[in-house]
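J.: Below is one structure. I have some questions about it.
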Amino acid sequence: MWRAFPVFRKSWERVFGLPDECAYPASGIAERQLLLCAKIADKGGQSRAYFTALAEAMGYPVEIFERRPFMCGISACGGTHEIGTSDLRFYWVVTVLEPRVTWFECGVSELGITPFASIRRAEDLECRLEKIGPGHAYVTVGYQGV
């Protein structure tokens, strides 16, 4: 649940539309600041580089792979192409490389409210990709090392 904090923090969140449907209830100030910084830094885009930077701003290191079908006469044998229909080019695979760990910070976190460490699945990233994902591709999210 979003707790009452000084007015300036609530004003920033209100201006940037937080909490939104993709922001899970943050457990403390540090996570709320991370969500706010990600919203402030967001400039928009449709490229892999943009979505990689967005995920990193949210605290998740990711790799994005654009699937490519094998095409006779164009593709080379032994490449990274896949066997399938031409519709494969409309799919992205986003791999979250490690979970986001939010640590308790003295002077920022609240004793008794904020846990000493919080490890979360990337549900907020999945929601954000669903909401503002690339218009030309379907996004699937996978996890590695989580």
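The values are calculated or read from the model by the stated rules, or taken from the named source; none is laboratory data. Please read these numbers as outputs of a predicted model, since none were measured by experiment. So basically every Cβ, Gly included, is an ideal-geometry build from the backbone, and we count neighbours across all protein chains shown. Quick note on the areas: whole protein, heavy atoms, side chains included, nothing else; ligands and nucleic acids left out. Shrake-Rupley method; radii C 1.70, N 1.55, O 1.52, S 1.80 Å.
J.: Counting only residues that are part of a loop (DSSP other than H, G, I, E, B) and under 13 Å from Y60 (Cβ atoms), which one in segment 91-146 is least open to solvent (accessible area, probe 1.4 Å)?
T.: A122
J.: What's the number of the only condition in (1) open to solvent by 70 Å² or more (accessible area, probe 1.4 Å); (2) at pLDDT 75 or above; (3) part of a loop (DSSP other than H, G, I, E, B) that I74 fails to meet?
T.: (2)
J.: Does segment 37-53 contain any residue that is modelled with pLDDT of 70 or more, open to solvent by less than 40 Å² (accessible area, probe 1.4 Å) and in contact with a Lys or Arg (Cβ under 6 Å, 6 or more places away or on another chain)?
T.: no
J.: Across segment 125-146, which residue is farthest from G45 (Cα to Cα) among those that are touching a helix residue (DSSP H, G or I) at 6+ places or on another chain (Cβ under 8 Å) and not small (G, A, S)?
T.: V141
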